[in-house]
1. Looking only at the range A:123-138, which residues are open to solvent by less than 60 Å² (accessible area, probe 1.4 Å) and part of a loop (DSSP other than H, G, I, E, B)?
2. Please list, ordered by first then second residue, the pairs with beta carbon atoms under 9 Å, 6 or more apart or interchain, first in the range B:73-90 and closer than 25 Å to B:ASP129 by Cβ and at the interface with chain A (Cβ under 7 Å from one of its Cβ atoms), second part of a loop (DSSP other than H, G, I, E, B) and among the β-branched types (Val, Ile, Thr).
3. Suppose we keep only residues that are part of a loop (DSSP other than H, G, I, E, B) and either within 13 Å of chain A (Cβ to nearest Cβ) or open to solvent by less than 40 Å² (accessible area, probe 1.4 Å) (or both) within the range B:55-72. Which one would you say is farthest from B:GLY146 (Cα to Cα)?
4. Does at least one position in the range B:195-207 carry a residue that is out of contact with any Ser or Thr (no Cβ under 8 Å at 6 or more places or on another chain), away from chain A (no Cβ under 14 Å), within 16 Å of ligand 1 (Cβ to nearest atom) and among the basic types (Lys, Arg)?
5. Is the range A:213-232 home to any residue that is open to solvent by 60 Å² or more (accessible area, probe 1.4 Å), within 23 Å of A:PHE106 (Cβ to Cβ) and within 14 Å of chain B (Cβ to nearest Cβ)?
6. Is there a residue being more than 16 Å from ligand 1 (Cβ to nearest atom), modelled with pLDDT of 90 or more and either assigned to a loop (DSSP other than H, G, I, E, B) or over 28 Å from the mean Cα position of the chain (by Cα) (or both) anywhere in the range B:142-150?
7. Quick one: A:LEU91 ticks every box in (1) in a helix (DSSP H, G or I); (2) within 30 Å of A:THR237 (Cα to Cα); (3) not charged (D, E, K, R) bar one, so which box is it?
8. Within the range B:26-54, which residues are within 13 Å of chain A (Cβ to nearest Cβ), away from ligand 2 (no atom under 12 Å from the Cβ) and out of contact with any helix residue (DSSP H, G or I) (no Cβ under 7 Å at 6 or more places or on another chain)?
Amino acid sequence: MKKWSTAAIGMALPALIGLGLFVVLPFLLAIGLSFTNARLGSPLGIQFVGLREYVYVLSDATFWRALGNNCLFAALIVPGQTALALGLALLLNQPLRGMVVFRTLFFMPVIFPIALVSVVWILIFAPGPEGMLNGFLGWLSGGAWQPRDFLNDPTWALPAVVLTSIWQGAGFQMVVLLAGLQSIDPALHEAAAMDGAGRFRRFLHVTLPGLRNPLIFVTIVTTILSFRIFDQVRIMTNGGPKGATTTVVYEIVQAAFDRAQLSRGAAMAVLFFVLVLGLTLIQRRVFKQHGAVNR
Amino acid sequence: MAAIRFDQVSKLYPGPVRAVDGVSIDIRDGEFLVLVGPSGCGKSTLIRMLAGLESVSAGVISIDDRSVNDLPPEQRNTAMVFQNYALYPHMTVRGNLAFPLKMRKTPPAEARAKIDEVAELLELSPILDRKPAQLSGGQRQRVAMGRAIVRDPAVFLMDEPLSNLDAKLRTQIRADIASLQHRLGTTTIYVTHDQVEAMTLGHRICVMKQGAVQQIGPPGEVYERPANAFVAGFLGNPGMNLIPAGAVSAAPDRLELDLAGQSLAFESSAIPSGDRIGSNCLLGVRPEALTPVKPNSQEPQLRCTIEAVELIGHEQLAHLSLASSEMPSTPLAGSYTDKIIARIPSTVRLERGSAMWFGLSPDAIYIFENDGEKRSIDHRATESPPVES
Ligand SMILES: Nc1ncnc2c1ncn2[C@@H]1O[C@H](COP(=O)(O)OP(=O)(O)OP(=O)(O)O)[C@@H](O)[C@H]1O
Ligand SMILES: [Mg+2]
């Protein structure tokens, strides 16, 4: 072991202080709060109540509903967004003129704030035949489409939020995958072609393996992001209708700030942290077994 | 097995860059052709067009009398060894060797036998289960060769396949390639920058310059009877000395040259007489043909000043100039200077700045026209000059 020099510690200190102040401390506070009965703005003193809040949360149907929704979001967003991003990256990797324009266009949703994106999609999903999507589907089906209120329909609300999320997030993944595509040695494609592989088999045997690490990165990040979904839900559906789109983070915010149950929010946050951490570790382990991470 | 024909083949890149310019070459079935030329002369472009990796702008490329201009690479049955090997990084050595067989739907049992055979041939058996990242440069090179030969292609294309290896390994694999090609008898086109590879590997050498073929022929012939000054200066390490000279005498059977003030007279029927040469020509002489002699006014001799000496093992390269202390060198036109290199046994003591005399035997000198073409005025050619088209 090398001894840490004072200079090294001095240089690392600002970052470490920031990390401690804004990440570690709040998290430790949350753990601490989760074992109390703290309420937001309550004049009463804080008491240690042990695992009471955890027991409550784990027996609360809304929490399980939110967690289930989170899984559903991840199950729809991760494959959908990755496939879309891969398709876009493949299209935008063509050596054609003006590609930069298209790349910029498809990346644009990423720099829009999600609040703005949500408002735009609320307009698209507007109920009645005047709603953009309803109108379009009506035109497409020659009037056979029954206009519906997507965001207030228990079956359609979650897919609607999923669509919004994918639209906003795909651009980022696309850029990552595009960089991955461009780092594949063109000679590999040429060698595969001369070895007798047509377009599709070149994609299968050269492109996909070459994109392995970017795909893993993108999958892990998207999984975490889709478990953290909050803004779209808050703005577009408020978790409704009837909890159809609620998520764990949405429930945490509801508990802590709308119902002032600070300790309950903290308990949920800790549970959720452990869950997402576990999920990420499992994902990393799975990918590592195939010898792709950290190479 | 295949015969290849390039018929007036050209390649235009946008720009426009004429990378290949009206090339016509006939390559016999089983022949080993070496393509040489300076960087950017279109060697890679030419073989990539044959492989189908570049489109053909004009002309016809045919394999066994069948035009392949419009065939995609996967239908041409050519195999290439790339300069960086282009091994599939996520597959093992076995996977790399199996890939071309799998793509051609070879039955698994047959494929396995074929892979084992190739692995045996190239000594790959102990490393079959490794990935390319776990191999040395020489092993990667052999895997790339293996992947090319495992499916018995009609044509092998190799684009500087040894340039990433160290000198020792290069010598060894060079010999392996020659014997392998001999054994398999597959038509092969081999691109190289290396003089030794060019001279030793192929049945014929094709020298290119700016997209055009300068000369094709057996290595010895191209070396002995270069079609023009470019070929003469390109082959050999270092290449032939090309010294601008003025032709003074125009009498039959006599040639008198003026080299920066020095007069050289040749009286021999072996030398083209002055009347066949314009007033300007290039005198060509190989570095190894310059032998130091005692000054003697009877014979044609060059008086040079030693500018620098490079010792390379058993011999040394003397960099010479025609200038002498009494007579400063006259500036010479064109890209050729009066810089001359001689290859001398290292037993001879050379001293910088001192003068030296070299005898010029009429058999050892070449005369090239000093016009744009710089064509050889070859006194050794009995019939037509050795240029094929
Ligand atoms: N894709 C391209 N677009 C435009 N010009 C190109 C392209 N590829 C090659 N060229 C040009 O074509 C000419 C021939 O290139 P080529 O790669 O065939 O040369 P080469 O003889 O293989 O050279 P080297 O020995 O350096 O590999 C060069 O002038 C090069 O700049
Ligand atoms: Mg090249």
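1. A:PHE125, A:ALA126, A:GLY128, A:GLY131
2. B:ALA79/B:VAL150; B:ALA79/B:THR186
3. Going through the qualifying residues, I end up with B:VAL56.
4. no
5. Looking through the range A:213-232, at least one residue is open to solvent by 60 Å² or more (accessible area, probe 1.4 Å), within 23 Å of A:PHE106 (Cβ to Cβ) and within 14 Å of chain B (Cβ to nearest Cβ).
6. Taking every residue of the range B:142-150 in turn, at least one turns out to be more than 16 Å from ligand 1 (Cβ to nearest atom), modelled with pLDDT of 90 or more and either assigned to a loop (DSSP other than H, G, I, E, B) or over 28 Å from the mean Cα position of the chain (by Cα) (or both).
7. So the condition that A:LEU91 fails would be (2).
8. Within the range B:26-54, B:MET49, B:LEU50 meet the criteria.
The values are calculated or read from the model by the stated rules, or taken from the named source; none is laboratory data. Note that this is a predicted model, so its numbers are computed, not measured. With ideal geometry, Cβ positions are generated from the backbone for all residues, glycine too; neighbour counts draw on all protein chains shown. Note: accessible area is taken over every heavy atom of the protein model, side chains too, but ligands, DNA and RNA are not part of it. Shrake-Rupley method; radii C 1.70, N 1.55, O 1.52, S 1.80 Å.
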